[in-house]
Amino acid sequence: MGDKAILTEVLEASHLTDTYGDLTAKGIIKELRHVHSEEPSVRYSNLEDGQAAPSSTVTTPGGTERRKTYTVDDAVETLGFGRFQLKLSVLAGLAWMADAMEMMLLSLLTPALICEWGISSFEQALVTTCVFCGMMLSSTFWGRICDRIGRKWGLMFSAMMACVCGVFSGLASSFYFFLFVRGLVGFGIGGVPQSITLYSEFLPTAQRAKCVVLIESFWAIGAVLEALLAFFVMNTWGWRALVILSSLPLGIFALCSWWLPESARFHMSKGEDGKALETLMKVAKENCKQLPPGDLVASEAEKAHASNGGTSIFSLLSPDLRTTTLLVWLIWMVNAFSYYGMVLYTTVLFRSHDECHGGLFSNVTSSEACVPLTRGDYFDLLMSSLAEFPGLIITALIIEWIGRKKTMALEFAVFGLATYLLYFCLSRNTVIGLIFIGRAFISGAFQCAYVYTPEVYPTTLRASGLGAASGMARIGAIITPFVAQVAATSNLSYPVGIYGTAAVIGLISALSLPIETKGRQMQ
């Protein structure tokens with residue numbers, strides 16, 4: 001993404017017309033002197049030698065002095081990427097790692113729960129569906145909470161709720177109580193994506209996309225850590241210990257969130273200029289930089305939000321955003337449907353009796369039989385989880401080259417091709433290789449959607465937009481267990497055709513997006 005073009009501080013404050021937009025400082029002075037043969041009424045001290053004036057006031061052509069002004073965008077660009085953003089990266093990454101561990105846990109639990117309670121294939125699907133139902137119900141809820149009381153508090157409450165309920169699910173004495181508490185875990189996790197909203201609002205334009213993509217590496221770390229945890233814990237302490245240990249990172253994040261700053265853009269949208277300035281001063285101190293001279297003022301969008309007292313979720317479907325919103329929702333739905341489907345389908349393949357699709361248990365004829373995963377299976381799951389890293393690297397390399405839309409389209413295409421190839425009779429190593437490729441690229445497409453969505457919406461709709469998109473993703477995630485786990489009991493090839501077709505739909509949707517946010521300043 002190209003750097004935001006910033007004139008020197010004096011030139012920003014003078015509000016010169018676009019006539020002088022492409023001139024240098026010396027050129028502007030020359031033009032002004034050409035227009036006014038007498039001594040110019042607007043003085044630009046020290047510009048002749050390339051230095052900006054330190055003064056925080058400017059003299060207008062009318063002879064009066066007024067204070068310079070700057071917006072949050074100007075401040076974020078001036079402060080750049082420094083120590084503050086590095087700390088925020090680690091904290092936001094912790095939230096993402098904890099979220100990934102809870103999601104990866106879903107595919108690891110099913111074999112153990114079959115042995116614990118003898119659940120059917122339909123009940124296996126409910127384990128995942130209940131979590132995503134809670135996430136779907138809460139996504140817009142947490143988005144509205146974050147838009148009303150702030151990103152920081154919404155994140156803290158949601159993470160603590162997910163942690164506490166996760167611990168209780170590990171102590172469940174019956175399957176249906178387990179489902180109920182896991183649904184509450186999902187309700188809490190639904191607020192975690194707001195960490196991306198908060199994170200992106202402190203990033204300068206030039207670094208925003210790469211930083212948001214690279215923060216997703218924490219998701220990959222979480223997925224790999226969960227597989228490692230299962231490798232060492234499941235056969236020794238059992239699934240209950242794994243569930244409890246997997247919930248702890250969310251609690252750690254909730255405690256660490258006391259350090260989180262509130263979004264300066266959020267404060268400005270609420271008309272709280274003093275709090276916004278206090279936050280920006282904290283960033284400036286951490287980064288050893290100075291804020292632009294003058295007074296902090298609200299942008300037009302922030303003024304509108306303050307005067308209206310908030311926004312409605314229906315604003316996402318306003319005429320100028322309707323097409324974008326509907327396509328974003330479809331892309332998120334396809335991403336979640338395909339990504340979580342592939343994660344669940346991998347475990348189904350490993351437990352199957354079909355040696356053409358990676359199965360090793362030729363004597364097993366039912367998906368409802370008690371067949372615990374072996375250490376070899378956990379190792380193969382670990383290998384497939386490592387696919388998240390190349391997926392993120394590829395996305396980070398091409399997202400600024402070909403743009404967000406084409407990046408998502410390309411990754412949907414590769415995922416679809418890898419998925420369709422699973423239809424053929426292949427060795428286990430080849431199946432693992434195709435799963436690795438497919439998971440790498442669908443993971444990349446998902447992370448690209450996380451970059452695109454906060455960029456395409458204005459500040460007053462950003463959290464609600466991301467929350468609504470996450471909610472639509474949960475619909476895809478709610479449906480996918482019935483494809484990966486239930487439909488697969490009839491024929492292991494059914495999920496292959498369904499997930500491959502979903503990828504084609506995602507590809508078309510990405511290319512149809514009306515707005516490309518590459519190089520576009522956050523509104």
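The values are calculated or read from the model by the stated rules, or taken from the named source; none is laboratory data. Nothing here was measured: the structure is a model prediction, and the numbers come from that model. Note: ideal-geometry Cβ built from the backbone for every residue, glycine included; neighbour counts use all protein chains shown. Surface accessibility is based on the protein's heavy atoms, side chains included, excluding ligands, DNA and RNA. Shrake-Rupley method; radii C 1.70, N 1.55, O 1.52, S 1.80 Å.
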Report task. Over the range 439-491, give the accessible area per residue in Å² for a 1.4 Å probe, as an integer. Result -> 15
Query raised in the report: Among Lys210/Lys405; Lys270/Lys518; Lys87/Lys289; Lys68/Lys289; Lys210/Lys270, which pairs are too far apart, with a Cα-Cα distance over 20 Å?
Result: Lys270/Lys518; Lys210/Lys270
Query raised in the report: How large are Rg and Dmax for the range 84-187 when only the alpha carbon atoms are used, in Å?
Result: 15.3, 50
Query raised in the report: Roughly speaking, to the nearest percent, how much of the range 322-471's 1.4 Å accessible area is carbon and sulfur?
Result: 71
Query raised in the report: When the accessible area of the range 56-207 is computed with all protein chains present and a 1.4 Å probe, what percentage of it is carbon and sulfur?
Result: 67
Report task. Just reorder Trp153, Trp258, Trp329, Trp96 by solvent-accessible area, largest first, 1.4 Å probe, all chains present. Result -> Trp258, Trp153, Trp329, Trp96
Requested in this report: Hey, can you grab everything whose amide H is under 5 Å from the amide H of Lys518? Only 5+ residues off in sequence or another chain; H modelled, so Pro and N-termini drop out.
Outcome: Arg404
Report task. Work from the charge dipole of the range 87-229 (Cβ charges, +1 for Lys and Arg, -1 for Asp and Glu, about the Cα centre) and give the residue of Cys115, Gly134, Cys211 farthest towards its positive end. Result -> Cys211
Query raised in the report: Each residue of the range 273-279 in turn: what ³J(HN,Hα) in whole Hz from Karplus with 6.51, -1.76, 1.60 and θ = phi - 60°, glycine and Pro shown as x?
Result: 4, x, 5, 4, 5, 4, 5
Report task. Any chance you could list P(r) for the range 391-508, counting all Cα-Cα pairs in 5 angstrom bins from zero, rounded to whole %? Result -> 2, 11, 17, 21, 20, 14, 8, 4, 2, 1, 0
Query raised in the report: Does the range 164-280 come out rounded, prolate or oblate, given a ≥ b ≥ c as the square roots of the eigenvalues of its C-alpha gyration tensor, rounded meaning a/c under 1.5 and, failing that, prolate meaning a/b above b/c?
Result: prolate
Report summary line: Between Thr69 and residues 5 or more places away or on another chain, the pairs with built amide H atoms under 5 Å apart involve Asp295
Query raised in the report: Near the amide H of Leu321, under 5 Å away, which other amide H atoms are found, from residues 5 or more places off or on another chain, if H is placed in the peptide plane?
Result: none
